[in-house]
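Read the structure below first, then the notes.
The values are calculated or read from the model by the stated rules, or taken from the named source; none is laboratory data. These numbers come from a predicted model, not from an experiment. Reconstructed Cβ throughout: ideal geometry from the backbone, glycine too, with neighbour counts over all protein chains shown. SASA here: full protein model, heavy atoms, side chains in, ligands and nucleic acids out. Shrake-Rupley method; radii C 1.70, N 1.55, O 1.52, S 1.80 Å.
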Amino acid sequence: MKFSQMEYRRPDLRAIQAGYREITEAFPKCTGAAQQMELVRRHEAMASEYDTMRNLALIRHSIDTTDAFYDAENAFFDTASPELEEDLQRFQKELVRSAFRKELEQELGTLFFENMERSMKTFSPEIIDLLQEENALTTQYEKLLASAKIPFDGKELNLSSIIPYQQAEDRDVRQAAWQKTAAFFSAHADELDELYDKLVKNRAAQAGKLGYPSYVELAYDRLGRNCYTAKEVAVFREQVVREIVPVTCKIRENQAKRVDLPKITFYDVNAYFPDGNPKPAGGTKELVAAAQKMYDEMGTVTGGFFRFMVENELFDLESKHGKQGGGYCTELVNYRSPFIFSNFNGTSGDVDVLTHEAGHALEFYLQRDVEIRENAQCTMETAEVHSMSMELFARPYAESFFGGDAEKFRLYQLESALNFLPYGCLVDEFQHAVYADPSLSPAQRKAVWRDLEKKYRPWMDFAGLEFFEAGGGYQRQHHIYSFPFYYIDYCLAQTVALEFWSLANREKEPAFARYFAFLQHSGDHTFLELVQEAGLQSPFAEGCLKELSREVMETLEKSPVK
């Protein structure tokens, strides 16, 4: 079904709650596992209907944050979801203590129950009001960023449409674009400080009421991290500092030479070539056609998947006023459809969307017939392996997307892959520091960010941009406000994606087959199990990052683009 034809109906919250009370009461009275499985299926039906409508409202609100109807529907879900969580958890408590659990595990799997028990720790009726407040605050933050109207080049731009100017060949244009961007954030600095302060204190209060030492542990459980802890993540970050940061300093030196500058400043971070960054060879229509050709060549399943997306208009790709920034992929379970949201702006990021978000969408497409949705839902670092690996599997098809800029893109892509890792770790360590001490003032948080910039990006020169120089840069990163502790997932996934890239350099077909298996088993295996079964190293393993960075640098040295 086409997205425009999908009917939205606000869920009847009271009816769903009554349904959950009914199956919760009936569950312990069942005389066998088969009867309990029927109640699990009723839970699945109610949850799927609710989630489908919630995501429909989310997508349409994202597309136009000024639409009054979907703004109200989004607000409804901000309030309703925490209320429904109480009824869901009552049912889950009966499920995990079932007298027939061993029989249920035969059908549902042991990981299903382990994940559910972890999730149950993260909620109590005591925190419903805090969850509702948290939802409202993150919505307020997203709407604030979407409201940006930046006067530039005779136009009124938003935070997505000004990006091409931040990457312009002319350094004066880049500088002016960043100054205008900084001016927007400076004008809203107090509001952004207040929002984040409220979010940090809100989340710390949730953790306290739930009996966690801090919000860090609560966030890890909410993200379903079932095979590593903050200790392993800290080891990974230190490996990035030791093995990757020196390499990225060298990459930035090479970049400065290419663009004939004594050094790279903040204005120059995204200017990789003297004649401009690689640009897509066409607009939206041409890029979608190129993506279809690529996915057809990858195989009949991938070709059919992307054709399904196109025929059912399961994209909203172009930037416009009032539209939420960034990009994402979500699922509409009852319509058996993924949906891709983005903000095309004429940069290489447009192609990234058609590979990155399509990696997410492909995983949902492959598992859309899994009966029990919990067994098709993976943790976030696993999901990001799907997307970031697809970006790298698309490298052989760069000519279709970039024409004569294909080799420039290939160089840019690998440099960006390594450059990202320190920034991702900066975001992660910042959040660990903030939630370890929720009493930090806004000024102290900015000082933490500024100090971590020196640790992870020692080459950075803010060239007098006061907002960023003072440590305000974290306020641009919407994950910090809206998806706490998610960002390290990108770093872990980038590491695994580079391992798939390394394997594909030697054996293309076997590498893609292993990736396909990774996709198809993502919901019923842990992240580290999937990595091991794919024959790859754990990102936490000593030496993994060192070897990958060496191979990337050797590939960059062979590039015909200098």
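Centroid-to-centroid, using Cα positions, region 75-147 and region 332-352 are 26 Å apart. If both residues of a DSSP beta bridge must be in the chain, then about 75% of such bridges are antiparallel. Between F315 and I340, the built amide H atoms are under 5 Å apart, and every one of these is 5 or more places off in sequence or on another chain.
For the set C378, C491, the ranking by accessible area, highest first and with no ligand, DNA or RNA atoms included, is C378, C491 under a 1.4 Å probe.
In the assembled protein chains, R242 presents an accessible area of approximately 120 Å² (probe radius 1.4 Å). Just how far, in whole angstrom, is region 15-65 from region 521-562 if you go by their alpha carbon centroids? Rounded to whole Å, the Cα centres lie 38 Å apart.
The phi-based Karplus calculation (6.51 cos²θ - 1.76 cosθ + 1.60; θ = phi - 60°) puts the 3J(HN,Hα) values of region 244-255 at 9, 4, x, 5, 5, 4, 5, 4, 5, 5, 5, 4 Hz, whole numbers, x for Gly and Pro. Separation of region 233-267 and region 462-498, taken as the distance between their Cα centroids, equals 16 angstrom.
Remark: the chain carries 40 Å² of accessible area per residue (probe radius 1.4 Å; ligands, DNA and RNA excluded).
Overall, the anisotropy analysis places region 351-422 in the oblate class: the square-rooted eigenvalues a ≥ b ≥ c of its C-alpha gyration tensor yield a/c not less than 1.5, with a/b not exceeding b/c. Which of K143/K231; K323/K454; K155/K293; K155/K323; K180/K408; K2/K323 have a Cα-Cα distance over 23 Å? Flagged as over cut-off: K143/K231; K323/K454; K155/K293; K180/K408. Solvent-accessible surface of protein heavy atoms, probed at 1.4 angstrom with all chains present, puts W459, W449 in the order W459, W449, largest first. Expressed as a fraction of 2.2 N^0.38 Å, the C-alpha radius of gyration for region 413-512 is 1.29. Taking Cα centre as origin and charging only the Cβ of basic (Lys, Arg, +1) and acidic (Asp, Glu, -1) residues, the dipole magnitude of the chain rounds to 640 debye. Straight-distance candidates among the lysines for linking to K93, with alpha-carbon spacing under 26 Å and chain neighbours fewer than 8 residues away dropped: K29, K102, K121, K209. When R42, R21, R60, R225 are compared by accessible area at a 1.4 angstrom probe, the order from most to least is R21, R42, R60, R225. The heavy atoms of R514 offer some 80 square angstrom of accessible surface to a 1.4 angstrom probe. Under 15 Å of direct C-alpha separation, and excluding same-chain neighbours fewer than eight residues apart, K446 reaches these aspartates and glutamates: D190, E191, D193, E194, D197, D428, E429, D437, E466, E469.
Surface composition of the chain: carbon plus sulfur atoms hold 51% of the accessible area, using a 1.4 angstrom probe and ignoring ligands, DNA and RNA. Here the Kirkwood formula, the inverse mean of 1/r across different C-alpha pairs, assigns the chain a hydrodynamic radius of 24.7 Å.
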